[in-house]
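*Asks:* Quick one: structure below, then a few questions.
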Amino acid sequence: MTINPDQPISFSRLHRLQWEEAQQKHVILYPEGMVELNQSSAAILQMCDGTRKLAEIVSDLENQFAATGLHNDISAFLEVALSNGWIQQH
Amino acid sequence: MAGYNNTNITPPRWLLAELTYACPLQCPYCSNPLDYAKYKTELSTDDWKRVFSQARQLGAVQLGLSGGEPLTRQDLPELVKHARDLGYYTNLITSGYGMDEAKIMQLKDAGLDHIQVSIQASSQELNDHIAGTASFEHKKQVAHLVKKHGYPMVLCVVIHRENIHQMPEILAMAEELGADYLELANTQYYGWAHTNRDLLLPTKEQFAEAEAIAQAFKEKVAGKMKIYYVVPDFYEDRPKACMNGWGTTFLTIAPDGVALPCHSARELPGLDCPNVNDDSIADIWYESKAFNFFRGYEWMQEPCRSCDEKEKDFGGCRCQAYLLTGDMHNTDPVCSKSPKHEVITQAINSAKATALAADEKPLLFRNSKNSKAFY
């Protein structure tokens, strides 16, 4: 599955992204399951609010972390997220 | 956890709240204890709220609302709301019996995250026979309503000898109902299923055929529907890593408040399982005899003790070791390294002989009348 650069990306309504105090990390929750996220994965998914497209997510994160050249890493992670059903485009 | 010295103990992640043993269905593979009818008391609404709060504080995040049939609890929406406010992901595990659209909307408003509906078979006749109640059409209607109101829909079908031949129709039904997840749960032989095993355990050939059909379907619906396939451990070489290890992840609270490291542990002798009426969840999880009983590897006997796979499967299931070998410390006999492995072969042969016999005995259905014979 590939990310369509012309469509905004939203987080799946069948999953929940949440900060877990006890684990000191973000997790994705879904029926009878949980995925633990590292800091950068959580930051990317938090950008998937249904308004931003891929390029905007990249530029916003590059601003947030004062970094450049993040496009490939972010795009690769979002493809994994899409194939896992954590995000959607339509 | 402050105040608790043993830093090797991981906090609970999964809380299974068995809200009640009451159920309008009579499935002969029910995981409730055979003598469930003798436990008449149920925790109050406030008790459950306290349990949810305490377990959440320790780190539990997945909450299963189960039973029995949890819809028989009139306070279900109130409990869901409390759990959701605490940040749990709330899973309602129901037969669908007693559910209607108003209730589905009420639970949605309360914050329920997901509904798992069980269906017993792909045909009305067999579903209603296994469930012991006319319920098939209603269940399908509930599945539609679950989807309509935006819940992820998980369809659960328990697989055994009476319905395993319906695998293609079961998969087609899941697709037609628009399930987001399909749980194909090969029967685990505890409680009522253990008693009915000769009548429920399929042959190895039946398993292989059904599994191949399910596998092909899984590839076909990849990206649309997720399949959870609960393996039939009698036909495996190694035991399941039961409960992800004793007292590491799972906490079950029975209707009367007894805290269990797994939902079958009530059958094990001498654990002195604690009760939430007497102790806090933190005391139960970190300090109680029952939850520490099979933690780590010290309790193991051979061949587990020196086995290089013990960190992978934790010696398998304690309840299965107890039910099939009489000693809960033994290696799960499913393991081909177990010196008692022949009990599995015997169970398979006995089921096969029963299937071929002309005068097959009837299933023992899970109801209060039958339960009373066990206490």
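*Asks:* So between B:Gln301 and B:Glu78, what do we pick up on full extension, going 0.36 nm a residue minus the alpha carbon distance?
*Replies:* Here the segment from B:Gln301 to B:Glu78 would lengthen by 75.7 nm.
*Asks:* Note down the relative contact order for region B:231-375 as a percent, whole number, built from C-alpha pairs under 8 angstrom at least six residues apart.
*Replies:* Answer for region B:231-375 is 22 percent.
*Asks:* Return the residues of region B:43-61 for which accessible area with all protein chains present is lower than in the chain on its own by 40 Å² or more; set the probe to 1.4 Å and exclude ligands, DNA and RNA.
*Replies:* Checking the loss per residue gives B:Val61.
*Asks:* Which percentage, to the nearest 5, of the DSSP beta bridges contained in chain B is antiparallel?
*Replies:* Roughly 10 percent of the DSSP beta bridges within chain B come out antiparallel.
*Asks:* Between B:Ser350 and A:Asp6, how many nm apart are label points set 7 Å from Cα along the C-beta direction?
*Replies:* 6.6
*Asks:* Given N residues in chain B, what is its alpha carbon radius of gyration divided by 2.2 N^0.38 Å?
*Replies:* After normalising by residue count via 2.2 N^0.38 Å, the value is 0.97.
*Asks:* Still on this structure, please answer the following. Using amide H atoms built 1.01 Å from N in the peptide plane, name the residues 5+ places from B:His114, or on other chains, whose amide H lies under 5 Å from its own.
*Replies:* So B:His114 has HN proximity to B:Thr90, B:Leu92.
*Asks:* Shifting gears a bit: What part of the accessible area of region B:235-375, given as a whole %, is carbon or sulfur when the probe is 1.4 angstrom?
*Replies:* Taking all protein chains in place, region B:235-375 shows 51 percent carbon and sulfur surface.
*Asks:* Here is a follow-up. Around B:Leu199, with a cut-off of 15 angstrom between Cβ atoms, what is the net charge of the other residues, counting Lys and Arg +1 and Asp and Glu -1?
*Replies:* +1
*Asks:* Place a +1 charge on the Cβ of each Lys and Arg in chain B and a -1 charge on the Cβ of each Asp and Glu, then give the dipole magnitude about the Cα centre in debye, rounded to the nearest 20.
*Replies:* 260
*Asks:* Would you please name the trypsin sites (Lys or Arg not before Pro) within chain A that are DSSP coil residues with at most 12 other C-beta atoms within 10 Å of their C-beta?
*Replies:* A:Arg13
*Asks:* Follow-up. Calculate what fraction, in whole %, of the accessible area of region B:83-126 sits on carbon and sulfur atoms when a 1.4 Å probe is rolled over the protein chains.
*Replies:* 45
*Asks:* Summarise the accessible area of region A:10-89 (1.4 Å probe, protein heavy atoms) by the percent that is carbon and sulfur.
*Replies:* 47
*Asks:* Net charge near B:Tyr375: determine it from the other residues with C-beta under 11 Å of the C-beta of B:Tyr375, scoring Lys and Arg +1 and Asp and Glu -1.
*Replies:* Taking every Cβ under 11 Å from that of B:Tyr375, the sum is +1.
*Asks:* What is the antiparallel percent of DSSP beta bridges lying wholly in the protein assembly as shown, to the nearest 5?
*Replies:* Bridges in the protein assembly as shown are about 30 percent antiparallel.
*Asks:* Computed FRET efficiency, Cβ-Cβ of B:Glu360 and B:Ala222, R0 22 Å: what is it to the nearest 0.05?
*Replies:* Once the sixth-power term is evaluated, E becomes 0.05.
*Asks:* For region B:264-338, run through the trypsin sites (Lys or Arg not before Pro) and keep only the ones in DSSP coil with at most 13 other Cβ atoms within 10 Å of their Cβ.
*Replies:* For trypsin sites (Lys or Arg not before Pro) across region B:264-338 that sit outside H, G, I, E and B with at most 13 neighbouring Cβ atoms in 10 Å, the list reads B:Arg305.
*Asks:* Can you list residues whose amide H is under 5 Å from B:Leu201's amide H, if they're 5+ apart or on another chain and H is modeled 1.01 Å from N?
*Replies:* Those lying under 5 Å, H to H, from B:Leu201 are B:Arg161.
*Asks:* Under a 1.4 Å probe, what is the accessible area of the protein assembly as shown per residue, stated in Å²?
*Replies:* The answer is 43 Å² per residue.
*Asks:* Right, here's the next one. Which value, in square angstrom to the nearest 100, describes the accessible area buried between chains A and B on both sides, using a 1.4 angstrom probe?
*Replies:* For A against B, buried area totals roughly 1600 Å².
*Asks:* Further question: As a quick test, which of the pairs B:Lys204/B:Lys337; B:Lys103/B:Lys147; B:Lys49/B:Lys226; B:Lys312/B:Lys337; B:Lys40/B:Lys139; B:Lys240/B:Lys340 have an alpha carbon distance above 22 angstrom in this structure?
*Replies:* In this structure, B:Lys49/B:Lys226; B:Lys40/B:Lys139 exceed 22 Å between Cα atoms.
*Asks:* Hey, another quick one. Please compute the contact order of chain B in relative form: average sequence separation of alpha-carbon pairs under 8 Å and at least six residues apart, divided by the residue count, as a percent.
*Replies:* About 20 percent, as a whole number.
*Asks:* Other chains' Cβ within 10 Å of A:23-35 residues: what's the mean?
*Replies:* 5
*Asks:* Please give me, ordered by residue number, the trypsin sites (Lys or Arg not before Pro) of region B:202-244 that lie in loop per DSSP and have at most 14 other Cβ atoms within 10 Å.
*Replies:* Those satisfying the criteria are B:Lys224.
The values are calculated or read from the model by the stated rules, or taken from the named source; none is laboratory data. Fair warning: this is a prediction, and the values are worked out from it, not measured in the lab. Heads up, the Cβs are rebuilt from the backbone with ideal geometry, glycines too, and the neighbour counts pull from every protein chain shown. Each accessible area value is taken on the protein alone, full model and side chains, heavy atoms only, with ligands, DNA and RNA left out. Shrake-Rupley method; radii C 1.70, N 1.55, O 1.52, S 1.80 Å.
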